[in-house]
Amino acid sequence: MKGSKRIFLILGVLAVIIVILSRCMNVAGKLPKDIRGDDYVGAATCVKCHQNLSATYAHSPHGLTSGQVIDKELLKVFPADSNSFSFNAHEKVVIKKQNNGIYQVAYKDGAVARSEKFDIRFGSGEKAYTYAYWKGKKLYELPLSYFSAINNWAISPGFPANTFYYDRGITSRCLECHGSFVEKKVTQKSAFSMDEEMEEGSIIYGIDCERCHGPAKQHVVFHTENPTEKTAKFIAVFKTLSRKQKMDACGVCHSGNTLMAQKSVFGFKPGDNIDDYYVQDFVGFGGGRPDVHGNQTTMLTGSNCYIKSEAMTCQSCHSTHENIKGNLTIYSQRCINCHKTTNHSKETRSKGALTTNCIDCHMPKEPSRLISYKEAKNAAASAYMLRSHHIGIYPTQDK
């Protein structure tokens, strides 16, 4: 009799397990396929339960950092009277709509010398848009970029100033910080060179949910089966990460240009050690001082605010789910959370800057030493101004 009860108990447990597994398999079977693998579900799946976060994030710089060019949206960028850039008396590039899209058309002495279509945009537009075109399975940068500071076209950063150029390749390394995935094929051509091809249809544009929170399939299956459970399971929750893990997650794309990737950072997941992905390649310009472009985490960790704090991270001031770019009052309020007492002049206090704009004084915009751009009819290159993330006391600020 005891043996029969034991058998029935075992069978009952097995039946429950089978039911649970079959339900999980039913849920998993209905989830969309993702090119990154079976552990991923794609941002559209996240929207079903996180509509408010997804709605704001879709308009954030991270969400908009790359995308396919849509003609209707691109037409809004440039007015009809500012769609031409002259390099010299003989050469110019014209932004031109044609039957199957919009092109950057190069003219030499009035004759068409080169014409390539806008296929992909890089950047959120907060500072600039840079564009690229496909040629087979390779991606190339277009010669003109659109800069928000001048509301006009100028030569793409790093391009020659005296002639048009269409042959600067864009590799998957660029998409590792301006996208969430691209399928690539690398061929070793010789001991010193490699050839890379990318699949256009495989690109996941922008920085999506799983890029920052990790693969979400197990998370989705669990919470679909347990809708009353409000504590997030099987997903990276940033508040549970260590300080270094939080900084590493941002540092994947915000550690600067002096790092060399040892392996694709598409594989980085929150909680991973960034040192497993990057090695220092060379010391930055200016005696080791990091350039203002792309070095946000490096500059922050060199600041006294960070050094003297035990808890400060990028998330102390930023939430990637929101779009408050340029709202200096909100950021200043976050400064005041730690700096409730200050020692400033009466004039500064009377202007109200202590509550509305700490940022321009203690994190001023500075010219990048790596990036500049050339405007038409200007002999000298224009400075590309970016917000310094080294929080400090600068020589020109009001004490």
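Here are the numbers for the structure shown:
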read-out: Cβ pairs under 6 Å, 6+ apart, first in the range 63-79 and in contact (Cβ under 8 Å) with a residue 24 or more places away in the chain, second part of a helix (DSSP H, G or I) and open to solvent by less than 90 Å² (accessible area, probe 1.4 Å); value: 63/57; 65/178; 66/178
read-out: When residues of the range 86-117 are limited to those that are hydrophobic (A, V, I, L, M, F, W, C) and more than 16 Å from residue 154 (Cα to Cα), the one least open to solvent (accessible area, probe 1.4 Å); value: 102
read-out: Considering residues of the range 251-269 that are among the hydroxyl-bearing types (Ser, Thr, Tyr) and farther than 23 Å from residue 183 by Cβ only, the residue surrounded by the fewest Cβ atoms within 10 Å (Cβ to Cβ); value: 258
read-out: Residue satisfying all of: in the range 167-185; outside any helix (DSSP H, G or I) and of a type in the set (A, V, I, L, M, F, W, C); farthest from residue 139 (Cα to Cα) among these; value: 181
read-out: Tally, over the range 169-202, of residues that are of a type in the set (A, V, I, L, M, F, W, C) and closer than 18 Å to residue 61 by Cβ; value: 3
read-out: Residue in the range 118-152 that is nearest to residue 98 (Cα to Cα), counting only those that are at pLDDT 95 or above, open to solvent by 50 Å² or more (accessible area, probe 1.4 Å) and in a strand (DSSP E or B); value: 135
read-out: Index of the failed condition, residue 397 passing every other in (1) out of contact with any Gly (no Cβ under 9 Å at 6 or more places or on another chain); (2) modelled with pLDDT of 70 or more; value: (2)
read-out: Residue 379 being of a type in the set (A, V, I, L, M, F, W, C), within 28 Å of residue 152 (Cα to Cα) and under 25 Å from the mean Cα position of the chain (by Cα); value: no
read-out: Residue list for the range 205-231, filter: over 21 Å from the mean Cα position of the chain (by Cα), open to solvent by 50 Å² or more (accessible area, probe 1.4 Å) and closer than 25 Å to residue 322 by Cβ; value: 230, 231
read-out: Evaluation of residue 155 against (1) under 17 Å from residue 115 (Cβ atoms); (2) surrounded by 21 or more Cβ atoms within 10 Å (Cβ to Cβ); (3) of a type outside the set (Lys, Arg) (one fails), failing number; value: (1)
read-out: Odd one out for residue 70 among (1) closer than 21 Å to residue 203 by Cα; (2) open to solvent by less than 60 Å² (accessible area, probe 1.4 Å); value: (2)
read-out: Residue in the range 185-204 that is surrounded by fewer than 20 Cβ atoms within 10 Å (Cβ to Cβ), closer than 21 Å to residue 54 by Cα, within 24 Å of the chain's Cα centre (by Cα) and not acidic (Asp, Glu) present; value: no
read-out: Close pairs (7 angstrom Cβ cut-off, 6 or more residues apart or separate chains): farther than 12 Å from residue 171 by Cα in the range 188-206, hydroxyl-bearing (Ser, Thr, Tyr) and open to solvent by less than 90 Å² (accessible area, probe 1.4 Å) anywhere; value: 204/180; 205/66; 206/65; 206/66; 206/180
read-out: From the options 291, 248, residue that is buried (at least 20 other Cβ atoms within 10 Å of the Cβ), charged (D, E, K, R) and either at positive phi or not in a helix (DSSP H, G or I) (or both); value: 291
read-out: Residues located in the range 21-38, provided they are at pLDDT 75 or above and either in contact with a Phe, Trp or Tyr (Cβ under 9 Å, 6 or more places away or on another chain) or farther than 15 Å from residue 223 by Cα (or both); value: 32, 33, 34, 35, 36, 37, 38
read-out: Some residue of the range 320-339 being within 17 Å of residue 249 (Cα to Cα), out of contact with any helix residue (DSSP H, G or I) (no Cβ under 7 Å at 6 or more places or on another chain) and surrounded by 14 or more Cβ atoms within 10 Å (Cβ to Cβ); value: no
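The values are calculated or read from the model by the stated rules, or taken from the named source; none is laboratory data. Just so it is clear, the structure is predicted and the values come from calculations on it, not from any experiment. Methodologically, a virtual Cβ is constructed for each residue, glycine included, from the backbone with ideal geometry; neighbour enumeration extends over all protein chains shown. Areas reflect the complete protein model, heavy atoms only, side chains present, ligands, DNA and RNA absent. Shrake-Rupley method; radii C 1.70, N 1.55, O 1.52, S 1.80 Å.
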